[in-house]
Every structure is written in structure tokens, then in C-alpha cells.
Amino acid sequence: MKTAAARIAETLTSDADKRDLAAAVQAAIARQLADRSEHAMQLYAAQHSPQHRRFVVAGGVAANRAVRTRLEGAAEANGFSFAAPPLKYCTDNAAMIALVGAERLAAGLVDDLGAVARPRWPLDEAAALASPVHVPGRKGAKA
């Protein structure tokens, strides 16, 4: 979609047409994210009780108001609570990580900091422990 929109944008000359294209692309992305999220929520809801239904977004997804609004509506329509950081923390990964750290500290959750840093860390601690990416002796980006 991004490539198609970029090609169309190259042919546009008026600012109004460029704004219309940007709005259409944003709406399509929001619709696609909401549709996929609703499907995931339905699969999750089929296997979990209602008190465990919470939909969390962060980062650029949560920073885009149109996307955020659409996802919040999807969560509500599927019986999920919705959580997202304040907008001022959504565009800066360091700020989001710091906010999570502050929330964990406020909740009394502390760590000895013995965990090794790794990219693509799973959100579920049990999954991270069950499938460690770091294997001693390995070299490279995913080691």
C-alpha cells in the first residue's frame, strides 16, 4: 500500500489532493489494523475468560489518533478493555521503556538486572524463558 500511495503521490500536484490521499491511506491502515486486531481478539476471547480481556497498544500505533480511536472502538466492540500510554510517550521508544520501568517500580516489581539485552523480546516472560534467543557462544544480531 505504501508503494502504491507513493506512486500516486508523485502524480499529484495540488495540496488538497495530497491531503486526501494521505487521509485515505491512513483510513485504510486503521481499518486493516482494526480488522486484524478484532480477529485476534475473537480468537483470544474464545479461549479466555472475560476478566482477562485487555487490549494494549503502544508506539506509533498508539500515537496516531485515527488508528488509536479505531482500535479503541474495536476493543470495546469485542468486550476488551483498552490501554495505551499517554500520547506524549508514544513516539519515543526510550520514553515508553522508561514509563514501563517507572510503573513496574511503583508496583514493587524489581529485578536484579541480570537479564541479557535482546532484540524482539517476547511480552510473555514464560515464552521468553521457554524459547531463549540467546545461546552462549553464538554471534550475530539475534544472539
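The values are calculated or read from the model by the stated rules, or taken from the named source; none is laboratory data. For clarity, every value in this text was computed on a predicted model and none was experimentally measured. Quick reminder, even Gly has a Cβ in these numbers, built from the backbone with ideal geometry, and neighbours come from all protein chains shown. To get the accessible areas, we keep the full protein, side chains included, count just its heavy atoms, and leave off ligands, DNA and RNA. Shrake-Rupley method; radii C 1.70, N 1.55, O 1.52, S 1.80 Å.
Quick notes on this one:
- In the full protein context, the stretch 14-117 carries 69 Å² of accessible surface per residue, based on a 1.4 Å probe and ignoring ligands, DNA and RNA.
- In sequence order, the stretch 14-25 has phi-based couplings of 8, 4, 5, 5, 5, 5, 4, 5, 4, 5, 5, 5 Hz under the Karplus curve 6.51 cos²θ - 1.76 cosθ + 1.60, θ = phi - 60°, and Gly or Pro positions carry x.
- FRET E, pair Leu113, Asp92, Förster distance 25 Å, beta-carbon r, rounded to 0.05: 0.65
- The distance between label points at Ala4 and Ala126 comes to 4.1 nm (points 7 Å beyond Cα on the Cα→Cβ vector).
- Sum of -39500 (n - 2.57) over DSSP H runs of 4+, divided by residues of the chain (222 nm, nearest 500): -17500 deg cm²/dmol
- Protein-only accessible surface at a 1.4 angstrom probe places the residues Val56, Val61, Val67 in the order Val56, Val61, Val67, largest first.
- Ordering Met1, Met96 by accessible surface, largest first, gives Met1, Met96; the 1.4 Å probe counts only protein heavy atoms, with every chain in place.
- Tail beyond 28 Å, pair distance distribution of the chain (Cα, percent): 40
- Remark: the stretch 106-113, residue by residue, has Karplus-estimated 3J(HN,Hα) of 4, 7, x, 8, 10, 9, 7, 6 Hz, where x stands for each Gly or Pro and the curve is 6.51 cos²θ - 1.76 cosθ + 1.60 at θ = phi - 60°.
- Per-residue packing, averaged as other Cβ atoms within 10 Å, sorts the ranges 32-39, 68-75 into the order 68-75, 32-39, beginning with the highest.
- Rounded percent of accessible protein surface that carbon and sulfur make up, the chain, 1.4 Å probe: 57
- Taking amide H atoms as placed 1.01 Å from N in the peptide plane, the amide H of Phe55 lies under 5 Å from those of Ser81, Phe82, Ala83, each 5 or more residues away in sequence or on another chain.
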